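Following: one structure in structure tokens, then a few remarks.
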Amino acid sequence: MASTPPGIRRTRVHVVSDVHGNARDLARAGEGADALICLGDLVLFLDYADHSRGIFPDLFGKENADRIVELRTARRFEEAREFGARLWAGIGADRAGAIEKAVRKQYAEMFAAFPTPTYATYGNVDMPPLWQEYARPGTTVLDGQRIEIGGRTFGFVGGGLRTPMRTPYEIGDEEYAAKIEAIGEVDVLCTHIPPEVPELVYDTVARRFERGSRALLDAIRRTKPRYSLFGHVHQPLARRMRIGSTECVNVGHFAGTGRPWALEW
């Protein structure tokens, strides 16, 4: 990398995604950076690597978590839903209340760990209505919006597309495409899910294709941002690739690595 001319200050941004309860490393993720960007999935509902961690095993125990992971990994989604429904029936009428209480506890910890400034958007397992309650001064929540950092324009689109998993913040393809369209041309396009490219959406450990966005892929080809940054796929077949002149980067499974991805200019 060429040296910076005297008097010219460089800008450094750290990017994380799929935090899933890792507040300890999140508190250090902004060290040495001018800003932190978070691409969502703060909540840890169920850790597929350690089935004892998350809201699901807290409520139902590790053995039941083992079973539902087994069913989902085998793509036996209907059986997984039926199994889950039987467990939730034991909670009674206040299923939503039990989930919200657990999510609130995690959000209090996650948002307290964000440095200033942080720019964040939602993941598919997040609950957007709660974010404004926990976002402190210095944390800006963006979805279908754009900002400027260090002279470059960043656009943000949160959430995921509808899947058999039925996670909390899944929206329809048309609604998602409208948010992509609203952003327009930007230097850095920040989303939770990747563009719909097989190498970017296939999870090598879960052994399945996650949902990527065709509208996002089309926007990358049309508007040619410098970077497309995303997460969602924890163990992708390809962590980065070029689409035309755009560098597409999966910034990593922060819950597992504890390390942010750095962008400097």
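The values are calculated or read from the model by the stated rules, or taken from the named source; none is laboratory data. This structure is a prediction, so every number in the text was calculated from the model and none was measured. Reconstructed Cβ throughout: ideal geometry from the backbone, glycine too, with neighbour counts over all protein chains shown. Just so you know, the surface numbers come from the protein's heavy atoms only, side chains and all, with ligands and any DNA or RNA stripped out. Shrake-Rupley method; radii C 1.70, N 1.55, O 1.52, S 1.80 Å.
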Requested in this report: Treating cross-link reach as a plain straight distance, find the lysines whose alpha-carbon is under 27 Å from the alpha-carbon of LYS101, omitting any fewer than eight places away in the same chain.
Outcome: LYS62
Report task. Taking amide H positions as placed in the peptide plane 1.01 Å from N, state which residues far from THR11 in sequence (5 or more) or on other chains have amide H under 5 Å from it. Result -> TRP265
Report summary line: With Cα coordinates, the longest principal axis of the chain makes an angle with the long axis of helix 214-223, in degrees rounded to 10, of 0 degrees
Report task. Determine the gain in length on full extension of the stretch ARG75-ALA96; use 0.36 nm per residue of separation and subtract their C-alpha separation, reporting nm with one decimal. Result -> 5.0 nm
Query raised in the report: How big is the charge dipole of region 108-265 about its Cα centre, in debye rounded to the nearest 20, if each Lys and Arg gets +1 on its Cβ and each Asp and Glu gets -1 on its Cβ?
Result: 420 debye
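Do you know the relative contact order of the chain, to the nearest whole percent, from alpha carbon pairs under 8 angstrom that are 6+ apart?
Working: 544 pairs, mean separation 57.2, N = 265.
Relative contact order for the chain comes out at 22 percent.
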Report summary line: For the pair GLU185 and ARG24, the simple spin-label estimate (label points 7 Å beyond Cα toward Cβ) gives in nm 4.7 nm
Query raised in the report: So how compact is region 169-265: Cα radius of gyration and Dmax in angstrom?
Result: 13.0, 36
Report summary line: Comparing ARG76, ARG86, ARG152 in a Gaussian network model of the chain (Cα, 10 Å), the one with the largest mean-square fluctuation is ARG86
Query - In nm, spacing of pseudo-spin labels at GLN132 and ILE171 (7 Å Cα→C-beta vector) - result: 1.5 nm
Query raised in the report: Residue farthest toward the positive end of the dipole of the chain, with Cβ of Lys/Arg at +1 and Asp/Glu at -1: which of MET127, GLN235, ALA49?
Result: GLN235
Report summary line: Of all trypsin sites (Lys or Arg not before Pro) in region 210-265, the ones in DSSP coil with at most 16 other Cβ atoms within 10 Å are ARG226, ARG239
Query raised in the report: With charges set only on the Cβ (+1 for Lys and Arg, -1 for Asp and Glu), what does the dipole of region 187-265 come to about its Cα centre, in debye to the nearest 20?
Result: 120 debye
Requested in this report: Please work out the average accessible area per residue across region 76-173, using the 1.4 Å probe convention, and give it in Å².
Outcome: 49 Å²
Query raised in the report: Can you give the angle from 0 to 90° between the axis of helix 173-183 and the longest principal axis of the chain, with both taken from C-alpha atoms, to the nearest 10?
Result: 20 degrees
**Report entry** C-alpha center-to-center spacing [region 157-198, region 84-104] in angstrom
**Finding:** 27 Å
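On the accessible surface of the chain, probed at 1.4 Å, how many percent belong to carbon and sulfur atoms?
For the chain, the apolar C and S fraction of the accessible surface comes to 49 percent.
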Requested in this report: Could you tell me what fraction of 2.2 N^0.38 Å the Cα radius of gyration of region 103-201 comes to, as a two-decimal ratio?
Outcome: 1.12
Requested in this report: Quick one: dipole size for region 120-191, taken about the Cα centre, charges +1 on Lys/Arg Cβ and -1 on Asp/Glu Cβ, in debye to the nearest 20.
Outcome: 220 debye
Query - Sites ARG12 and ARG239 - FRET efficiency at Förster radius 22 Å, r taken between beta-carbons, to 0.05 - result: 0.65
Report summary line: Between CYS38 and residues 5 or more places away or on another chain, the pairs with built amide H atoms under 5 Å apart involve VAL16, TYR119, ALA120, THR121
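Determine, from the Cβ-Cβ distance of ARG221 and GLU264 and an R0 of 30 Å, the FRET efficiency 1/(1 + (r/R0)^6), rounded to the nearest 0.05. Please report the intermediate quantities before stating the final value.
Values: r = 26 Å, r/R0 = 0.86.
After rounding to 0.05, the efficiency reads 0.70.
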Query raised in the report: Can you tell which of ALA113, ILE37, GLY150 lies farthest toward the positive end of the dipole of the chain, using +1 and -1 charges on the Cβ of basic and acidic side chains (Lys, Arg; Asp, Glu)?
Result: GLY150
